[in-house]
Amino acid sequence: MKKIFNLALIAFAAGSISLSSCTDLEETLYSDLNESNIDLSNETDLSLLLGAATAQYRYLVEDWFGMFHLLEESSDQYMVPSRVGVGWGDAYIGLHKHRWAIDAGQIQNPWDLAYRGIGYANKVIDAINPDNPSTKGSLAHARFFRAMFYYHLFDMFRNVPLQTTQEVEPGYLPQQVSPQEMFDFLVQEFTYAKENFGDEFVYGYGNKHAASMALAKLYLNKNVYLGTSDNDGYEACLAEVESIISSGKYSLAATYKDNFKEDLSSNPEVIFVIPGDRTHTSQFGLQSYCFPQSGIEAYGSTAPGYNGSCAIPQWIRTYDEADGRLADTWAGGPQYHATKQGDIYIPNSDKDNPIYFEADDWSGTGILTYNLNVHSIDNPGAYQQEGYRLHKYEIVGGTDDGTTSDDFPVFRYADVLMMKAECLLRLGRDKETAAQLVTQVRQRSFGANVAKATRTVADLEGGSVYAYGHEEYTVAQDSPAGYTDWSNPIMTHEGGADIELGGLLDDLGWEFCCELHRRQDLLRFKMSDGRSVWNGKSWFCKDATTDTTYDIYCIPESAMKANISMKQNPGY
């Protein structure tokens, strides 16, 4: 088990943060921090506020109805269908079809969590003297986390209120700023953090390279954020990733799966990570979304499983059969009990001990088997064994933790290499270097198969292999034969040949599947008619459109009611 990293309790010492990664104190209840029990002149109390901000960042990413689910469930890789015989899933259909409502919980929760974290960070920033050199590291951490909250809000909602202090008059309402103003603010804040951070890797906190990664992400997506079409963002992104590469601080992990273990504290690829542990920070309950209860037994765990989310079948078909990332990311086919070797559980390995699934005839019985094909998102939905299941993040055997205590890699070195490759291709220079970088990232997932691992410039600049198009099979909701009835397909055939740099888009998808990348990528990559892949392509039950309303999410209804100065995003 990893060292416990309690984000709630970080001691201020001599005016700066002591970033010890091993403590066993009771977690502070952040909801109880308020003016009556926090002394802003007390360094220890200030540390609680910064701990609260970092904890809110974990909640923002990992919470049920958190940012992971909002971003991934509206992509072309992952979904939560309505499950026939289970009954849950209705709340997620709008995300898949890009028809979400202004009162959707998946939109409300990230907004609330981000602004709560911003409030905690502002309190710390208000209390620190910016001219005191002994506190520059503390101030950099507070400004870095505040900027990360705003970065995600900007990415998701674009037109958001900016508040940089909690010292405001009664009745104050923060005002929305333009995308350009927010972009400039984020560049300013991440640059400040980069210049005042060291380059030491501190588990769960930022350093100068994490700030460079945040800047690189901003610059890479600049044209999407600001509606521009120039190369300035790609040049700036390239400069940031080059600085990380030249530092020599990071390298690719030995295996792809190493990046998604419960404990990433010694991983050489991770640049910025959200820590989890079994005592204080159990949050990331992906296994509950993905698996039926019996399916958890394949991992030697007793964590809860509610049989929800799964892969979009068209996405699974894009993988090369030699690509180890398919099996490392998705569970498919018959399921067997885990075997135990010492303290380690080997998932799905006891071939003499299959897991049996007991359900009504509509969902199939016998050996639990995850079928690749799925009927639909809602008409009738997915039967209980349909769809490959996400097991990319380690499901801890021998416990009831499942994925809840896993660390989450926000930035990793593979992304540095892939961003450099993309910038070079978009700038039209050193294209062979770009192909070599993509090949370098791929090699660990193809073993000795050098030919399959190798990508050429033509591969990357060619179309996508994704068979885009509407793909569902409808049956009557009350049909006992529905599980085996594939007689009523609703299909369109669009393909991916018209996607510019479609081969690179595929490689980004295989490497960073379900790591909060895909929505950004689908918006950034264009088709030959100028539409983004996000809008211009159909997948599963989501249809292509020319409507750009859903490029950004709606501002939550409750936020609009609480701040009457705000304007809703266009089209909602």
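The table below gives the values:
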{"item": "Identity of the residue in the range 181-207, buried (at least 21 other Cβ atoms within 10 Å of the Cβ) and among the charged types (D, E, K, R), that ends up farthest from residue 522 (Cα to Cα)", "result": "194"}
{"item": "Residue count for the range 493-535, restricted to those that are touching a residue at least 40 places away in the same chain (Cβ under 8 Å) and open to solvent by 50 Å² or more (accessible area, probe 1.4 Å)", "result": "1"}
{"item": "Residue under evaluation residue 178, criteria (1) over 24 Å from the mean Cα position of the chain (by Cα); (2) hydroxyl-bearing (Ser, Thr, Tyr); (3) surrounded by 15 or more Cβ atoms within 10 Å (Cβ to Cβ), criterion not met", "result": "(3)"}
{"item": "Selection status of residue 422, part of a helix (DSSP H, G or I) and more than 22 Å from residue 524 (Cβ to Cβ)", "result": "no"}
{"item": "Any hit, the range 338-348, residues being open to solvent by less than 30 Å² (accessible area, probe 1.4 Å) and aromatic (Phe, Trp, Tyr)", "result": "no"}
{"item": "Options 538, 558: the member that is in contact (Cβ under 8 Å) with a residue 12 or more places away in the chain, open to solvent by less than 10 Å² (accessible area, probe 1.4 Å) and more than 17 Å from residue 154 (Cβ to Cβ)", "result": "538"}
{"item": "Residues of the range 426-455 that turn out to be in a loop (DSSP other than H, G, I, E, B), open to solvent by 30 Å² or more (accessible area, probe 1.4 Å) and farther than 21 Å from residue 238 by Cβ, as a count", "result": "5"}
{"item": "Qualifying residue in the range 483-502 (condition: out of contact with any Ser or Thr (no Cβ under 8 Å at 6 or more places or on another chain), among the acidic types (Asp, Glu) and farther than 30 Å from residue 214 by Cβ)", "result": "no"}
{"item": "Leading residue by the ranking (farthest from residue 476 (Cα to Cα)) among those in the range 83-117 that are buried (at least 23 other Cβ atoms within 10 Å of the Cβ) and of a type in the set (Gly, Ala, Ser)", "result": "117"}
{"item": "Residue list for the range 306-317, restricted to those being open to solvent by less than 10 Å² (accessible area, probe 1.4 Å) and either of a type in the set (Asp, Glu) or at pLDDT 95 or above (or both)", "result": "309, 310, 311, 312, 313, 314, 315"}
{"item": "Residue that is farthest from residue 538 (Cα to Cα), among those in the range 93-120 that are part of a helix (DSSP H, G or I) and among the small types (Gly, Ala, Ser)", "result": "119"}
{"item": "Residue check for residue 324: free of Cβ contacts under 8 Å to residues at least 12 places away in the same chain, surrounded by fewer than 19 Cβ atoms within 10 Å (Cβ to Cβ) and either in contact with a Gly (Cβ under 6 Å, 6 or more places away or on another chain) or under 30 Å from residue 434 (Cβ atoms) (or both)", "result": "no"}
{"item": "Qualifying residues in the range 369-388 (those that are open to solvent by 10 Å² or more (accessible area, probe 1.4 Å) and more than 24 Å from the chain's Cα centre (by Cα)) - the one nearest to residue 285 (Cα to Cα)", "result": "384"}
{"item": "Of the criteria (1) without any contact (Cβ under 8 Å) to a residue 60 or more places away in the chain; (2) closer than 18 Å to residue 71 by Cα; (3) among the hydroxyl-bearing types (Ser, Thr, Tyr), which one residue 553 fails", "result": "(1)"}
{"item": "Residue 218 at negative phi and in contact with a Gly (Cβ under 9 Å, 6 or more places away or on another chain)", "result": "yes"}
{"item": "All positions within the range 389-419 that are assigned to a loop (DSSP other than H, G, I, E, B) and either among the aliphatic types (A, V, I, L, M) or open to solvent by 10 Å² or more (accessible area, probe 1.4 Å) (or both)", "result": "391, 394, 395, 397, 398, 399, 400, 401, 404"}
{"item": "Wholly within the range 460-572, helices (runs of 4 or more DSSP H) carrying at least 3 residues that are under 24 Å from the mean Cα position of the chain (by Cα) and charged (D, E, K, R)", "result": "502-512, 518-524"}
{"item": "Residue 490 being surrounded by 20 or more Cβ atoms within 10 Å (Cβ to Cβ), within 21 Å of residue 311 (Cβ to Cβ) and free of Cβ contacts under 8 Å to residues at least 40 places away in the same chain", "result": "no"}
{"item": "Residue check for residue 469: surrounded by fewer than 16 Cβ atoms within 10 Å (Cβ to Cβ), on the phi > 0 side of the Ramachandran plot and modelled with pLDDT of 95 or more", "result": "no"}
{"item": "Set 251, 282: member being out of contact with any Cys (no Cβ under 9 Å at 6 or more places or on another chain), part of a loop (DSSP other than H, G, I, E, B) and either modelled with pLDDT under 95 or of a type in the set (A, V, I, L, M) (or both)", "result": "282"}
{"item": "Criterion violated by residue 64 - all others in (1) open to solvent by less than 40 Å² (accessible area, probe 1.4 Å); (2) within 23 Å of residue 290 (Cβ to Cβ) satisfied", "result": "(1)"}
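Rundown of residues vs (1) in contact with a helix residue (DSSP H, G or I) (Cβ under 8 Å, 6 or more places away or on another chain); (2) farther than 18 Å from residue 410 by Cα, yes/no style:
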| position | (1), (2) |
| --- | --- |
| 108 | yes, yes |
| 111 | yes, yes |
| 153 | yes, no |
| 163 | yes, yes |
| 169 | no, yes |
| 206 | yes, no |
| 218 | yes, no |
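The values are calculated or read from the model by the stated rules, or taken from the named source; none is laboratory data. Because the structure is a prediction, the values reported are computed rather than measured. Note that each Cβ is placed from the backbone with ideal geometry, even for glycine, and that neighbours are counted across all protein chains shown. Surface accessibility is based on the protein's heavy atoms, side chains included, excluding ligands, DNA and RNA. Shrake-Rupley method; radii C 1.70, N 1.55, O 1.52, S 1.80 Å.
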